[in-house]
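**Q** Can you read through this structure? Questions will come right after.
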Amino acid sequence: MSVTMLVVLVVILLAVGLFVFRAIPGVRAYFGYRGKRLITCPETHKAEAVEIAAGEAAVGAFLTEPTLRLKECSRWPERQDCGQECLQQIEIDPKNCLVWNIVSKWYEGKSCVFCHKQIGPLHHLDHAPALLSPDHKTVEWKDFRPEQLLDVFATHRPVCWNCHVTETFRRVHPELVVNRELEAKRLR
Ligand SMILES: [Zn+2]
């Protein structure tokens, strides 16, 4: 192997090593900053849902440090030109403002109002648990806009997925449920 080839090889190895070394904070920033978050808007003092441009944060982390910028906010497009001061709240505690974590924490330790089974924290592959509205209809938490969730949690009660399916069936096909009950009575 000539000296030139050896130098080229060392340079390539160093470049690959440096790339991998810088890629780690980049990947960490991407996974750490993606997803919808709830913040208190510094202007309205109300809960709003925002999303950070995670790809951009990752590139920033790869080069020097993550650059945080919003790519979505529930107040947009009207307030698209705001100063994005809510970013400070995310920087202080990026995990606790994630919508997924907020919802998961709310369900943790709560039991279904129908079957009393414990619901526990959320899992990505499981069916999403649901909620019972004040007018006694079950609804999935995902059907609400994220910025509504804090108010929804204050007025709704937890329902497991199985009971949500049963209750929805009961509501949509009351005639079938009544028929079955009558039949059971007749057979008794
Ligand atoms: Zn249940």
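The values are calculated or read from the model by the stated rules, or taken from the named source; none is laboratory data. Note that the structure is a prediction, hence the values are computed from the model and not measured. Note: ideal-geometry Cβ built from the backbone for every residue, glycine included; neighbour counts use all protein chains shown. Accessible surface areas use protein heavy atoms only, side chains included; no ligands, DNA or RNA. Shrake-Rupley method; radii C 1.70, N 1.55, O 1.52, S 1.80 Å.
**Q** Starting from the exponent 0.38 and prefactor 2.2 Å, build the expected Rg for the chain from its residue count and divide its actual Cα Rg by it.
**A** Numbers: Rg = 24.9 Å, N = 188, 2.2 N^0.38 = 16.1 Å.
Taking the Cα Rg and dividing by 2.2 N^0.38 Å, one obtains 1.55.
**Q** So which of Lys46/Lys137; Lys36/Lys105; Lys36/Lys142; Lys36/Lys137 end up more than 18 Å apart, counting from Cα to Cα?
**A** Values: Lys46/Lys137 26 Å; Lys36/Lys105 15 Å; Lys36/Lys142 12 Å; Lys36/Lys137 26 Å.
Over 18 Å apart, Cα to Cα: Lys46/Lys137; Lys36/Lys137.
**Q** In nm, to one decimal, how far is the modelled label at Leu87 from the one at Glu72, with both set 7 Å along Cα→Cβ?
**A** 1.9
**Q** On average over all directions, what projected area in square nanometres does the stretch 99-187 have, based on the convex hull of its Cα atoms?
**A** Numbers: hull surface 26.8 nm².
With every direction weighted equally, the projected area is 6.7 nm².
**Q** With the alpha-carbon atoms as the only input, what is the per residue convex hull volume for the stretch 3-92 in Å³? Can you show the working numbers first?
**A** Numbers: hull volume 8.9 nm³, N = 90.
Dividing the Cα hull volume of the stretch 3-92 by its residues yields 98 Å³.
**Q** Heavy-atom accessible area per residue, the stretch 3-92, 1.4 Å probe: how many Å²?
**A** With all protein chains present, the stretch 3-92 gives 66 Å² per residue.
**Q** Please compute the contact order of the chain in relative form: average sequence separation of alpha-carbon pairs under 8 Å and at least six residues apart, divided by the residue count, as a percent. Don't skip to the answer; put the middle values down first.
**A** On the way: 237 pairs, mean separation 28.2, N = 188.
So the answer I get is 15 percent.
**Q** Next up: Can you give the FRET efficiency to the nearest 0.05 for Phe31 and Ala128, using r as the Cβ-Cβ distance and R₀ = 22 Å? Numbers along the way, then the final one.
**A** Numbers: r = 21 Å, r/R0 = 0.97.
Once rounded, the FRET efficiency stands at 0.55.
**Q** Counting only heavy atoms of protein chains, what accessible area per residue, in Å², does the stretch 99-187 have with a probe of 1.4 Å? If you can, show how the numbers build up before the last one.
**A** Details: 5890 Å² over 89 residues.
Per residue, the stretch 99-187 has 66 Å² of solvent-accessible surface.
**Q** Once all Cα-Cα distances of the stretch 47-146 are split into 10 Å bins that start at 0, what whole-number percent is in each one?
**A** 12, 35, 28, 19, 5, 0
**Q** Between the stretch 1-75 and the stretch 117-145, what is the separation of their alpha carbon centroids in Å?
**A** What the calculation gives is 33 Å, centre to centre.
**Q** Taking the chain as the reference, fit the longest principal axis to its C-alpha atoms, fit the long axis of helix 3-33 to the helix C-alpha atoms, and give the angle between the two in degrees, 0 to 90, nearest 10.
**A** Approximately 30 degrees, to the nearest 10.
**Q** Given DSSP loops and a limit of at most 14 other Cβ atoms within 10 Å, what is the longest stretch of the chain that contains no such GluC sites (Glu not before Pro)? Numbers along the way, then the final one.
**A** Details: sites that count: Glu43, Glu78, Glu85, Glu108.
Longest site-free region, per DSSP loop and neighbour criteria: 109-188.
**Q** Let me ask something else about it. Carbon and sulfur atoms: what percent of the 1.4 Å accessible area of the chain do they account for? Walk me through the intermediate numbers first.
**A** Values: 7600 of 12670 Å².
Percent of accessible area from carbon and sulfur atoms in the chain: 60.
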